[in-house]
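Student: Just dropping this structure here.
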Amino acid sequence: MTNPVAAPVRGAGGMAPGEFYDEMVKCGPGTLGGTYLRQFWHPFAASADLAPGRAMPVRVLGEDFTLYRGEDGTPHLTVHRCPHRGTQLSVGCVEGNAIRCHYHGWKFAADGTCIERPAEPNGGGGLTIRTYPVHDYLGLIYGYFGEAAPPAFPPYPGFSAEGFLEPYVVKFPCNWFQSWENDWDLYHAASTHQTGEIHGPPPGAARHNLYMAMLSSEQWEETDFGVIKRMAALGGTAASVFLMPHTVRLLIPTFNEQSRLVGPSFRETYIMHTPIDDENHLFIDTQIVPGDAAATESYAQEFAKVQARRAASIRTIEAAAQIMRGERTLRDFLDHPMLVEIEDMIAQVGQGAIADRHHEKLGRSDVGVMLLRRIMARELHALANGQPTKAWSFMSDLPEGTTNITFDPTKVRQPA
Amino acid sequence: MTNPVAAPVRGAGGMAPGEFYDEMVKCGPGTLGGTYLRQFWHPFAASADLAPGRAMPVRVLGEDFTLYRGEDGTPHLTVHRCPHRGTQLSVGCVEGNAIRCHYHGWKFAADGTCIERPAEPNGGGGLTIRTYPVHDYLGLIYGYFGEAAPPAFPPYPGFSAEGFLEPYVVKFPCNWFQSWENDWDLYHAASTHQTGEIHGPPPGAARHNLYMAMLSSEQWEETDFGVIKRMAALGGTAASVFLMPHTVRLLIPTFNEQSRLVGPSFRETYIMHTPIDDENHLFIDTQIVPGDAAATESYAQEFAKVQARRAASIRTIEAAAQIMRGERTLRDFLDHPMLVEIEDMIAQVGQGAIADRHHEKLGRSDVGVMLLRRIMARELHALANGQPTKAWSFMSDLPEGTTNITFDPTKVRQPA
Amino acid sequence: MTNPVAAPVRGAGGMAPGEFYDEMVKCGPGTLGGTYLRQFWHPFAASADLAPGRAMPVRVLGEDFTLYRGEDGTPHLTVHRCPHRGTQLSVGCVEGNAIRCHYHGWKFAADGTCIERPAEPNGGGGLTIRTYPVHDYLGLIYGYFGEAAPPAFPPYPGFSAEGFLEPYVVKFPCNWFQSWENDWDLYHAASTHQTGEIHGPPPGAARHNLYMAMLSSEQWEETDFGVIKRMAALGGTAASVFLMPHTVRLLIPTFNEQSRLVGPSFRETYIMHTPIDDENHLFIDTQIVPGDAAATESYAQEFAKVQARRAASIRTIEAAAQIMRGERTLRDFLDHPMLVEIEDMIAQVGQGAIADRHHEKLGRSDVGVMLLRRIMARELHALANGQPTKAWSFMSDLPEGTTNITFDPTKVRQPA
């Protein structure tokens, strides 16, 4: 294992961070970044938000699609518009696992074959529309948007523990890479997230020291399936796994409301950042709240109250906008059930829709960000030169520390 | 009468449908489409929405104007801005049939002559502003925006029957040609408009069969004044007349609320689609509800209740937007008093602000749409080559079937 | 003193009014207009809107900045973003007179020196961010945005009289130069502002005659510090002073609500128009309401009621938008406490976001506007040719008539 900071960032393909960034933040078809992203599965909606028989338009990687769920519960993903006259298919009707256009009733089977055109002879006339592989997994809907055969599904292992599955999807109005870099940046949690303390720098000494100890012990290793980060912390070891192009598996402390339900603890979590377009993305996570059947039932009841309180609160995107306009401050939202999300949003969206990376001043604590950029630059450089990108394998075995919490969570400060 | 489908669409001037469409959807000054449109009268407001003494800005064919009604009731149409300092004239005051600018009080007579500049010597200083021919007709305000002398007014005959005049104007946030093509497309009514049935394809067999019978009997004829479509239906004949550039005279069934007032019947209707700009247009219609004085008075009282219910309902443009975003479905609006309009809006606006026609798959039932495009391509081709466009004559005599309902409306399924 | 109208407008550098205007309305960095504007102090916020310890983003001259007030009350102005990762500094925290970034806690002293980076060695690492000179003055916050050393502060003398200071800042959604020209245009007050009369042209004869008498007596003189306009009016003399780039010192009658508090009188006023960007600016004024301590206390109590009434009224920007869309008329707002502002807004914003000056028809009453343009064209021409612009001096002594109201205000019509 080498220290990734020692290698020059420019080393990979001669691409400087700024140049790389300008390519990486583009997700549309035909762009270098968009071409790379289309090699992977992307979650883009919560499974629970799509009832059987319902259709909705979705925008992913700068393109529009029609997503619908068949009456038997199977999800389907097709092009946005009817090939006949161009009306968006999502305003039509789901019939079984087919979708029928609202305008003239053309009907398309789950495989995209046109099977009925009511006012035309010859049935479907041999027409087909493009469909996309799609799956429900861990409470999320995943799609594959590339031209080549999709990689194996699922893209990573699920949760081994018994418990309550908590998927979550929210829009961030900024480029996806700003949030993805944030995942590689441990120390921000000490300053950005001071939940439960009086909010405002400097971070309390205990908090600062905890994160500095973890930060200084970080060991990064690139493997066949991704990048493992190991930290010696609180007498034990924790590990996070970063999977391309925008997924991290890690243990995170319970935040806000939830923590009052389950007490101080950590959850196994996947965090993902699927681009909507270049200036918006979905922050997505899915977590397991460990517990047996009785504990899970009890948690579910309490969690329903949390959800009600979330629904009654100002949306985080609007709270963040108010803070960024200077009308209110973070202190005005200390009681918000999604305070941590507001903290992240003003840090990330507050960089602008697409951050300018040409003049930034990185420090030693940005080692993770620099490593990520080096890997991405290497991959995009290969792509730009017609060379194969790295064929990441399936992460079958979780690294030690990812599944087992070996340090003492009671030593981490928790909300009261 | 030849079958228009037999002639290749490309035939007229070598212009393929896609090329044609890209030109036709442009309405601004100097564009091919906009130049063609400026040969005709265009309705652009409801007469009742402009009280005597009031002024308002209007946007038609991609340009801004000032519309005002003199204190004696005469409508006037002028340029948007005062020539002095550029303040929009509509924020000024109407005096008699003149308009006075809010900023420095410059006053312009109905013919555009400047007749007063309070702080200047020499009265109006010989200044004039451009004015445009404008008329009230059938409850609508029509203007002429071309450079040449305007064609005769009115552009088509009014209604012969005694009854209640019902003009209507609403904004559609998409290109005007999408709605105009819809008028040439009979079958959409079977699938798009299933009012009173459980909403959702497939169209009921009776409804489908009725429209297929009408569709298969369509006979198209281009005349000196427009295009006549005759249909053998229900043992009789119905005729619609299409007048350039965007008007259709037809018999349509009474929809929604109105039908409960007058019972199953048909109304004589003009439907029009005036461009606001390339991405928005006005859907306009004016109808006659036949009846003697007593019936008309009774209808008027009932119609006032319908209007109150419309005013209390969500606007159709917002309902359609909710459906197109996937937040709600058409089924959520089955009780909306303007359900038919929502159905049309999601079909037409759902094609995008300006539909992409380069990849569509037309069928036999699109015979009307293809004929319309062939005529438009012919006219634009002439215009592009400096040749005269067709001089459409005034439609003095309505074709048989337009004025007389010769089929039995009780055989058409009506709302309960 | 020569008649400025006699000199051709094109004279100054061969720049025609239209060409000049196209340059003058640009305020961004690197533009000719923006370069000129960066030689001056600009007010851009009300002092009272920035509490100690608060930060906010501000946009001035087309650029974004972070404004904050130290806990001791001192205002500070810095770049918009943290140099580390680009998060906007205003979402961070004020500590003493320093500001700390929300994301990783980097802390910057009032002089821009980075003094703490919690997760990094070497303290601030020798980093600095650009700061800008900033001052509170007459209830407003002023900044200097140029590269060269700033001119002396304050930019002009304060008020000599004892009394109540009334600063005011509101956004106008149009180019700043449209409002600045309005200050040089006396007669508009006769027609645009008919407060207290039945609203609508023509101006009452008495009002018209009063303004024409003033207009015809205007004497303009360019001095070392600005332009003085003297008017013989009502048996006395009044003087206004125009200071580059967008400030006028004048006596204006009390408007609307205030007039009911203090009776018919005139106030000493500075009016300013700071660009936000090319399509928006701040209308700013600061006034002195003369009176001894007791009168000021009494006024302050009454003024609090006026402010409450303002807060309960529709915002002027929305009222003006409704009038400009034709939904309402000025007469619908005769009771609005800021009627005069609505009158100005529809006149100025009603010219469009950036007025087209290429086709306007100026008159004799536009002598002030023409003089302003001639001076601006001269300055921009010098700038464009690498020659020094005029070094305006500090206005230490107010011209006679500016401080002393020598005409009889009872002869001016006032609201009842």
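The values are calculated or read from the model by the stated rules, or taken from the named source; none is laboratory data. Given the structure is predicted, the values throughout are model-derived calculations rather than measurements. For neighbour counting, all protein chains shown are included, and Cβ atoms are generated from backbone atoms with ideal geometry for every residue, glycine included. Side chains are part of the model used for accessible areas, which takes the heavy atoms of the whole protein and leaves out ligands, DNA and RNA. Shrake-Rupley method; radii C 1.70, N 1.55, O 1.52, S 1.80 Å.
Student: Within the range A:393-402, identify whether any single residue is loosely packed, with under 13 Cβ neighbours inside 10 Å and either among the basic types (K, R) or at pLDDT below 85 (or both), and answer yes or no.
Tutor: Residues of the range A:393-402 that are loosely packed, with under 13 Cβ neighbours inside 10 Å, as a first pass: A:393, A:396-397.
Subset that is either among the basic types (K, R) or at pLDDT below 85 (or both): A:397.
Yes: one or more hits.
Student: Separate question: So which residues in the range A:28-42 are in contact with a Lys or Arg (Cβ under 9 Å, 6 or more places away or on another chain) and either surrounded by 19 or more Cβ atoms within 10 Å (Cβ to Cβ) or assigned to a helix (DSSP H, G or I) (or both)? Reasoning before the result, please.
Tutor: Initially, the range A:28-42 is screened for residues in contact with a Lys or Arg (Cβ under 9 Å, 6 or more places away or on another chain), giving A:29, A:32-34.
Matches in the range A:28-42: A:L32, A:G33, A:G34.
Student: Okay, next question. Let me spell it out: the conditions are (1) in contact (Cβ under 8 Å) with a residue 12 or more places away in the chain; (2) at the interface with chain A (Cβ under 8 Å from one of its Cβ atoms); (3) surrounded by fewer than 20 Cβ atoms within 10 Å (Cβ to Cβ), and B:S313 meets all of them except one. Which number is the exception?
Tutor: Unmet for B:S313, out of (1) in contact (Cβ under 8 Å) with a residue 12 or more places away in the chain; (2) at the interface with chain A (Cβ under 8 Å from one of its Cβ atoms); (3) surrounded by fewer than 20 Cβ atoms within 10 Å (Cβ to Cβ): (2).
Student: Exactly one condition in (1) under 25 Å from C:V25 (Cα atoms); (2) buried (at least 17 other Cβ atoms within 10 Å of the Cβ) is false for C:A119; which is it?
Tutor: Single failed check for C:A119: (1).
Student: Looking at this structure, is C:T131 more than 11 Å from every other protein chain (Cβ to nearest Cβ), of a type in the set (V, I, T) and surrounded by fewer than 21 Cβ atoms within 10 Å (Cβ to Cβ)? Break it down into steps so the answer makes sense when it comes.
Tutor: Numbers: more than 11 Å from every other protein chain (Cβ to nearest Cβ): yes; of a type in the set (V, I, T): yes; surrounded by fewer than 21 Cβ atoms within 10 Å (Cβ to Cβ): yes.
Criteria met by C:T131.
Student: Which one is nearest to the other protein chains (Cβ to nearest Cβ) among residues in the range B:93-116 that are open to solvent by 20 Å² or more (accessible area, probe 1.4 Å), part of a loop (DSSP other than H, G, I, E, B) and not hydrophobic (A, V, I, L, M, F, W, C)?
Tutor: Filtering the range B:93-116 for residues that are open to solvent by 20 Å² or more (accessible area, probe 1.4 Å), part of a loop (DSSP other than H, G, I, E, B) and not hydrophobic (A, V, I, L, M, F, W, C), the one nearest to the other protein chains (Cβ to nearest Cβ) comes out as B:G96.
Student: Given the conditions (1) touching an Asp or Glu at 6+ places or on another chain (Cβ under 8 Å); (2) more than 14 Å from chain B (Cβ to nearest Cβ); (3) not acidic (D, E), and given that A:G143 satisfies all but one, which numbered condition is not satisfied?
Tutor: Going through (1) touching an Asp or Glu at 6+ places or on another chain (Cβ under 8 Å); (2) more than 14 Å from chain B (Cβ to nearest Cβ); (3) not acidic (D, E) one by one, A:G143 breaks only (1).
Student: Here's another thing I want to ask about it. Of all residues in the range C:45-65, which are within 9 Å of chain A (Cβ to nearest Cβ) and assigned to a strand (DSSP E or B)?
Tutor: Across the range C:45-65, the qualifying residues are C:A55, C:M56, C:P57, C:V58.
Student: Right, another one. Would you be able to say whether some residue in the range B:134-148 is farther than 26 Å from B:S396 by Cα and either in a strand (DSSP E or B) or of a type in the set (V, I, T) (or both)?
Tutor: no
Student: Would you please name the residue that is modelled with the lowest pLDDT, looking only at residues in the range C:154-172 that are assigned to a loop (DSSP other than H, G, I, E, B) and open to solvent by 60 Å² or more (accessible area, probe 1.4 Å)? So that I can check it myself, show each step before the final result.
Tutor: From the range C:154-172, those assigned to a loop (DSSP other than H, G, I, E, B) are C:154-162; that's our starting set.
Add one more test, that the residue is open to solvent by 60 Å² or more (accessible area, probe 1.4 Å), and what stays is C:160, C:162.
Values: C:S160: 76, C:E162: 79.
The extreme case among them is C:S160.
Student: Sticking with this structure for a sec: Give me a count of the residues in the range B:375-388 that are touching a residue at least 12 places away in the same chain (Cβ under 8 Å) and open to solvent by 30 Å² or more (accessible area, probe 1.4 Å).
Tutor: Residues in the range B:375-388 being touching a residue at least 12 places away in the same chain (Cβ under 8 Å) and open to solvent by 30 Å² or more (accessible area, probe 1.4 Å): 5 in total.
Student: Could you figure out which of (1) within 14 Å of another protein chain (Cβ to nearest Cβ); (2) within 30 Å of A:A319 (Cα to Cα); (3) crowded, with 22+ Cβ neighbours inside 10 Å; (4) touching a helix residue (DSSP H, G or I) at 6+ places or on another chain (Cβ under 7 Å) isn't true of A:N175?
Tutor: So A:N175 meets the others, but not (4).
Student: Report yes if A:G73 is open to solvent by 10 Å² or more (accessible area, probe 1.4 Å), free of Cβ contacts under 8 Å to residues at least 24 places away in the same chain and more than 9 Å from chain B (Cβ to nearest Cβ), otherwise no.
Tutor: On the way: open to solvent by 10 Å² or more (accessible area, probe 1.4 Å): yes; free of Cβ contacts under 8 Å to residues at least 24 places away in the same chain: yes; more than 9 Å from chain B (Cβ to nearest Cβ): yes.
So A:G73 passes the test.
Student: While we're on this one: Keeping to the range A:76-92, report how many residues are surrounded by fewer than 22 Cβ atoms within 10 Å (Cβ to Cβ) and in contact with a Ser or Thr (Cβ under 8 Å, 6 or more places away or on another chain).
Tutor: Residues in the range A:76-92 being surrounded by fewer than 22 Cβ atoms within 10 Å (Cβ to Cβ) and in contact with a Ser or Thr (Cβ under 8 Å, 6 or more places away or on another chain): 2 in total.
Student: Sticking with this one: Collect the residues in the range A:348-372 that are within 8 Å of chain C (Cβ to nearest Cβ), more than 25 Å from A:R230 (Cα to Cα) and among the aliphatic types (A, V, I, L, M), keeping them in residue-number order.
Tutor: A:A355
Student: Among the listed residues A:D64, A:D136, identify the single one that is closer than 28 Å to B:F333 by Cβ, open to solvent by 20 Å² or more (accessible area, probe 1.4 Å) and of a type in the set (D, E). Full working, then the answer.
Tutor: Working: A:D136 fails: closer than 28 Å to B:F333 by Cβ.
The match here is A:D64.
Student: Considering each of B:G30, B:G86 in turn, give the residue that is free of Cβ contacts under 8 Å to residues at least 12 places away in the same chain, on the phi > 0 side of the Ramachandran plot, of a type outside the set (S, T, Y) and away from chain C (no Cβ under 14 Å). Walk me through it before giving the result.
Tutor: Numbers: B:G86 fails: away from chain C (no Cβ under 14 Å).
Going through B:G30, B:G86 in turn, just one is free of Cβ contacts under 8 Å to residues at least 12 places away in the same chain, on the phi > 0 side of the Ramachandran plot, of a type outside the set (S, T, Y) and away from chain C (no Cβ under 14 Å): B:G30.
Student: Now for a separate question. So which residues in the range A:120-162 are in contact (Cβ under 8 Å) with a residue 24 or more places away in the chain and of a type in the set (A, V, I, L, M), if there are any at all?
Tutor: Listed by number, the residues that qualify are A:L127, A:I129, A:V134, A:L138, A:L140, A:I141, A:A148, A:A152, A:A161.
Student: Please go through the range A:4-27 and pick out each residue that is in a helix (DSSP H, G or I) and at pLDDT below 70. Please lay out each step first, then the result.
Tutor: Restricting attention to the range A:4-27, the residues satisfying the condition of being in a helix (DSSP H, G or I) are A:4-6, A:9-11, A:17-24.
Passing the criteria: A:P4, A:V5, A:A6, A:V9, A:R10, A:G11, A:P17, A:G18, A:E19.
Student: B:E181: surrounded by 14 or more Cβ atoms within 10 Å (Cβ to Cβ), assigned to a strand (DSSP E or B) and within 18 Å of the chain's Cα centre (by Cα), yes or no? Break it down into steps so the answer makes sense when it comes.
Tutor: Values: surrounded by 14 or more Cβ atoms within 10 Å (Cβ to Cβ): yes; assigned to a strand (DSSP E or B): no; within 18 Å of the chain's Cα centre (by Cα): yes.
Against the criterion (surrounded by 14 or more Cβ atoms within 10 Å (Cβ to Cβ), assigned to a strand (DSSP E or B) and within 18 Å of the chain's Cα centre (by Cα)), B:E181 does not qualify.
Student: Can you give me the number of residues within the range B:72-92 that are closer than 17 Å to C:Q351 by Cα and part of a strand (DSSP E or B)? Talk me through it step by step, then tell me what you get.
Tutor: The initial filter retains those residues of the range B:72-92 that are closer than 17 Å to C:Q351 by Cα, namely B:78-92.
Pick out the ones that are also part of a strand (DSSP E or B) and you get B:78-79, B:81, B:88.
Residues in the range B:72-92 being closer than 17 Å to C:Q351 by Cα and part of a strand (DSSP E or B): 4 in total.
Student: Can you confirm whether A:P203 is in a loop (DSSP other than H, G, I, E, B), buried (at least 19 other Cβ atoms within 10 Å of the Cβ) and at pLDDT below 90? Break it down into steps so the answer makes sense when it comes.
Tutor: On the way: in a loop (DSSP other than H, G, I, E, B): yes; buried (at least 19 other Cβ atoms within 10 Å of the Cβ): yes; at pLDDT below 90: yes.
Considered against the rule, which asks whether it is in a loop (DSSP other than H, G, I, E, B), buried (at least 19 other Cβ atoms within 10 Å of the Cβ) and at pLDDT below 90, A:P203 comes out as yes.
Student: Can you pull out every residue in the range C:349-364 that is among the small types (G, A, S), surrounded by 17 or more Cβ atoms within 10 Å (Cβ to Cβ) and within 23 Å of the chain's Cα centre (by Cα)?
Tutor: The initial filter retains those residues of the range C:349-364 that are among the small types (G, A, S), namely C:350, C:352-353, C:355, C:363.
Remaining after also requiring surrounded by 17 or more Cβ atoms within 10 Å (Cβ to Cβ): C:350, C:352, C:355, C:363.
Correct list: C:G350, C:G352, C:A355.
Student: On to the next question. Being away from chain C (no Cβ under 14 Å), open to solvent by 30 Å² or more (accessible area, probe 1.4 Å) and part of a loop (DSSP other than H, G, I, E, B) is the requirement here; does B:P151 meet it?
Tutor: Working: away from chain C (no Cβ under 14 Å): yes; open to solvent by 30 Å² or more (accessible area, probe 1.4 Å): yes; part of a loop (DSSP other than H, G, I, E, B): yes.
Yes.
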